[in-house]
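Here the structure comes first, spelled out in structure tokens, and everything after it is commentary.
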Amino acid sequence: MNWFWRLFSRKRMDIELDKELRFHIEAQVADKIRSGVPENEARRLARLEFGGIDQIKEGCRHSRGTVWLESLLQDVGYGLRQLRKSPGFTLTAVLTLAMGIGANAAIFTLVNAVLLRDLPVVDPKSLVRLGNWADCCQNSGPKQDGNYSMFSTETYEQLKRNTPEFEELAAMQAGFENRPVVVRRDGGQEAAMPRMGEFVSGNYFGMFGLQPAKGRLISASDDLASAPLVAVMSYPTWKNVYGGDDSVVGSTFWMNTKPATIVGVAPEGFYGDRMSNTPPDFYLPIATVPNEMGGKGFRDSSQNWLDIIGRVKPGVAPLPLQEKLSAELKRIYAKDSHFSAADIAKAHVVLAAGGAGTQSMQDSYASNLKLLMWIATLVLMIACANITNLLMVRGMQRKTEMSVRTALGAMRTRIVRQLLTESLLLAAIGGVTALAASYGGARMLLMLTFPGDQHLPISARPSFEVLGFAICVAITTGVTFGVAPALIAAKASPAEALRSGTRTTVGGASLVQRGLVVFQAALSVVLLVGAGLFSQSLSKLQHTDMKLESQNRYIVHINAQAAGYKDDQVDALYRTLEERFHAIPGVVNVGVSTFTPMEGNDDGFGVHLIGQPDIHIEATNIIVNPEYFDSVGTSVLMGRGITSHDTATSPHVAVVNQDFVHALFKPGENPISRSFVAGGDSPKPYAIVGVVAGTSYTNVRRNGKRPMYFGPLTQPSEVGYAGAIVVQTSHPMGDMEEITRRTLMGINSNLAIQKFETFEAQIAGRFTHERMLSTLMLLFGGLALLLATLGLYGVTAYSVVRRTSEIGIRMALGANRNFVVAMILRSAILQTLSGLAIGVPVAFYGATLVRSQLYGLTSVSGSALWAAVGMLLAAACVAGAIPALRAASVDPVRALRIE
Amino acid sequence: MKEDDKFDLPQGTLDLLIMRVVSLGPIHGYAIAQRIQQMSREALQVQQGSLYPALHRLEYKKLLIAKWQATETGREAKFYELTARGRAFLKDETEKWKRLTDVVGLILKGTLEGVS
């Protein structure tokens, strides 16, 4: 019979014990009577000889070994009853804990998934990445600061050959979010679909130490120009798109019209070499990239497009390796005519930990997530302050109860244990609620951070770390803030406690309690100011003059290469696109270009004026058709735009933007008719024919700092095929996407829409980050305000209860209601003002810390400050007014009779 | 026998006495108390009730096993019996006890001789 079973047969065992003892006594009485003792005397003697029955029963129960559990159950039962008896207190405490811990656990789930998690590969700690920053966009030519993070195919191969320090050095297509290939399964009925493809070196999977889920992975022999085109499918794609069909392996898929054999499926859980919301569906070897997928550019020895990650051999020191790689890089760039001696001297590479992959997402979210973690910590501190206050108030309220129990002989340890059980119970309920809150919170954060995203390899499910974290916080809070009042209560001498009663004029709430409220007010004003700053920053960003027109414009992305178009066919395609879209009723302008304003990517090239080879700048090149500038609303400031007279046979011209003029010309100098050359193997000089306004591309933070030049679609350029169509209509057209699909199908059935968005949606998409930050800040600011208000309310209400008899006396002596309201309200406002006095300077200091994340703000703005102060004061008035009015409605006669 | 000649039991010996009595065959609590008194020729002062916590503890340790049976007078009583484990334990402890008393006796005897 184990203790557990005994516990549940307690009742039966008690009955048996009773029966057993009764039998003993009866037998003894019978013996005594038999030997001649009268019955009454026999009974008395028997009981005397037997000893105290209840003590013996207790002794027997102890022998069973279940007493500790029984008294624990008693404590828990009693604790639950106590919590149920004061639902207001319980609800406030549980909600406070849930919000404080939940917010923290949610943020931590995200931080854990995005910043701390290593790739699911063999020994991620020994992986090293060449380069420590996320370079955007394929580029060529020297970098201003000489810190290289992205490399050309040729550079990669030379580095690989000359670094025996690496067990394997693998390369992968660098961090563009959108790397579509158009895929159609051979013989299938399905239409061609845009999917994510990533080009990787032959040793990519080997370097990560991965095993295939099906078939085989890409090997070095696939990564040869002469090898047949093969691809590895990602596990989620295999499962979700192809239903885990085994026959996928070995079958042919048409990728951008080229047949590729699927040789295998990547392991489950592998989401590529970086955390991304567009994880690759297919992995393809670098050497066999067909021209239809951009292979021409990738084989250009100056085109940087690869990230490099390697697994170092054990015992290789990182610093000498970094030196060696930098020297190697200098040697490679020395052969490149685009690099000046100064460029070569500056060239270096910084090694970074590669265990988490290429980390472009980590880079872009790290500062935001760290900020959010700080904020969540502040919220947790406010929550803990609230809990402390609540438990202290409760401890004091129960001082009398504890005194009575001590006076009745309860052991001090038992009382403390009882109170401890109660606070742990509270913490446990709070912790469980917090877990639910953290799951919901993490889901919400994921939705806010990565809107509309199903592909992100992050789950909102709290990890073990998060679970442990939440439980630790809950228990620490419970124990720390539950035991202190318990000890105070238990220490009180019963007689004194019983005597002192409730009639007192001093104190009300203790200094510690008031201090906590002041602290809460200070923290929440900091968070509110922060929230104000971030929403102001967002609004400034969104209302920046982007020098474009977005109304009634639709942006369509296609991939001519993927549809099988060759160099000599695209000009005809561009013309057909213009004609067919113009034929749609309501269409005003049709722009065709490589990229459009406020898009995530562009192509940059090194540029210098002819005759001034020393002044290098990096400029973005976009090729456009004649209607493009009108279609996006970029105005021509000088000279002319691109026209239909710019053809393959006419002079090579470019239109440049204002930033370009500022960067390369002295003020007042006329740029028209000047010539410049841009990167590429055989540069052909451009003659500048016009200047356009500096429309925002990729990021409004780069306004005024982004030189650009626009060439005609029809003339040779550094960039590939145009993939963007801007359709401007005279009125909003809801069915534009369907019309576009039909129009494209009418031109070529292989022309799929890669992406369709209104211009407004595309612009809004560039602010997702900032919007997320601002929403979260508002959320946390609101949470902090709510908690602080609750705290202030709690303390004020408590002091009103404590001072009921004092207020009664004051009123009996002639104080009127207004006086009482003012008296109570004054102390609430005073605490809030003290909080402001601390919080406002802290907010100013905090603003300097987040300055880099704000746009157009260098310090706390007046409006954000006043809004925060106003909100806090309003909340304080509400929190103070309710107890104050209750105090004013005290009936003096009843108040005095209370004792 | 005078009250002064009665002993209080040394710590831990009650268990041994109970088990010795129980080793003679299934027996209920009251009879155990009677037997201890008789066997010690009334020299031991055992508060009758204090048997029961000891009995329950021994049962919990699985040295004894109990079942409800009718007595010769037809009433239901809880009868205790040694388990195999209890038997081994009793044998062990009895030997230990004997060795202890021998050694203590030896020493005390020597001391007394030295004193006298």
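Numbers for the structure displayed
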| read-out | value |
| --- | --- |
| Positive minus negative residues near residue A:758 (Lys, Arg vs Asp, Glu; Cβ under 10 Å) | -2 |
| Angle in degrees between helix A:318-334 and the longest Cα principal axis of chain A, rounded to the nearest 10 | 20 |
| Solvent-accessible area of residue A:638 with every protein chain in place, 1.4 Å probe, in Å² to the nearest 10 | 80 |
| Rounded accessible area of residue B:89 (nearest 10 Å², 1.4 Å probe) | 80 |
| Set of aspartates and glutamates with alpha-carbon distance to residue B:91 below 14 Å, sequence-local pairs under 8 removed | B:15 |
| Contour minus Cα-Cα distance for residue A:125 and residue A:48 (0.36 nm per residue) | 20.0 nm |
| Helix A:464-491 axis, angle to chain A major axis (alpha carbon atoms, nearest 10°) | 30 |
| Protection proxy ranking of A:516-522, A:218-224, A:106-112, A:83-89 - average other beta-carbon atoms within 10 Å, highest first | A:516-522, A:106-112, A:218-224, A:83-89 |
| Bridge type composition, the protein assembly as shown - antiparallel percent by DSSP, nearest 5 | 75 |
| Shape of segment A:685-728, Cα gyration tensor, a/c cut at 1.5 | oblate |
| Length-normalised contact order of segment A:596-707 in % [C-alpha pairs under 8 Å, at least 6 apart] | 35 |
| When the protein assembly as shown is reduced to its Cα atoms, the Kirkwood hydrodynamic radius in Å | 36.5 |
| Amide H contacts under 5 Å for residue A:623, placed H, 5+ residues apart | A:594, A:595, A:711 |
| Proximal aspartates and glutamates relative to residue A:125, as straight alpha-carbon distance under 20 Å, when same-chain residues fewer than 8 apart are discounted | A:165, A:167, A:168, A:273, A:307, A:363, A:465 |
| For segment A:397-411 and segment A:534-591, distance of Cα centres in Å | 79 |
| Across A:160/A:324; A:19/B:67; A:335/A:684, pairs whose alpha-carbon gap is larger than 18 Å | A:335/A:684 |
| Rounded to 10°, Cα long-axis angle of helix A:87-111 versus longest principal axis of chain A | 30 |
| Residue A:161 paired with residue A:480, simple spin-label distance in nm, labels 7 Å along Cα-to-beta-carbon | 6.1 |
| Per residue solvent-accessible surface (Å²) - the protein assembly as shown, probe of 1.4 Å | 46 |
| Modelled FRET efficiency - R0 51 Å, residue A:687 with residue A:754, Cβ distances, 0.05 increments | 0.95 |
| Only Lys, Arg (+1) and Asp, Glu (-1) charged, at Cβ; the protein assembly as shown dipole about Cα centre in debye | 4900 |
| Mean ellipticity per residue at 222 nm, deg cm²/dmol - from DSSP H runs of n ≥ 4 across chain A, formula -39500 (n - 2.57) | -16500 deg cm²/dmol |
| Residue among A:613, A:555, B:36 farthest towards the positive dipole end of the protein assembly as shown, charges placed on Cβ | B:36 |
| Normalised contact order of chain A, rounded percent, pairs of Cα under 8 Å and 6 or more residues apart | 15 |
| Dipole magnitude of segment A:653-755, debye to nearest 20 (Cβ charges: Lys/Arg +1, Asp/Glu -1, about Cα centre) | 280 |
| Most positive-pole-ward Cα, A:791, A:645, A:151, against dipole of chain A from beta carbon charges | A:791 |
| Most positive-pole-ward Cα, A:418, A:884, A:479, against dipole of the protein assembly as shown from beta carbon charges | A:418 |
| Cα-based reach from residue A:85 at 14 Å (exclusive), listing aspartates and glutamates while leaving out same-chain residues under 8 positions away | A:422 |
| Per-residue mean of C-beta atoms belonging to partner chains within 10 Å, peptide A:52-61 | 4 |
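The values are calculated or read from the model by the stated rules, or taken from the named source; none is laboratory data. Please read all numbers here as calculations on a predicted model, not as lab measurements. Note that each Cβ is placed from the backbone with ideal geometry, even for glycine, and that neighbours are counted across all protein chains shown. Surface accessibility is based on the protein's heavy atoms, side chains included, excluding ligands, DNA and RNA. Shrake-Rupley method; radii C 1.70, N 1.55, O 1.52, S 1.80 Å.
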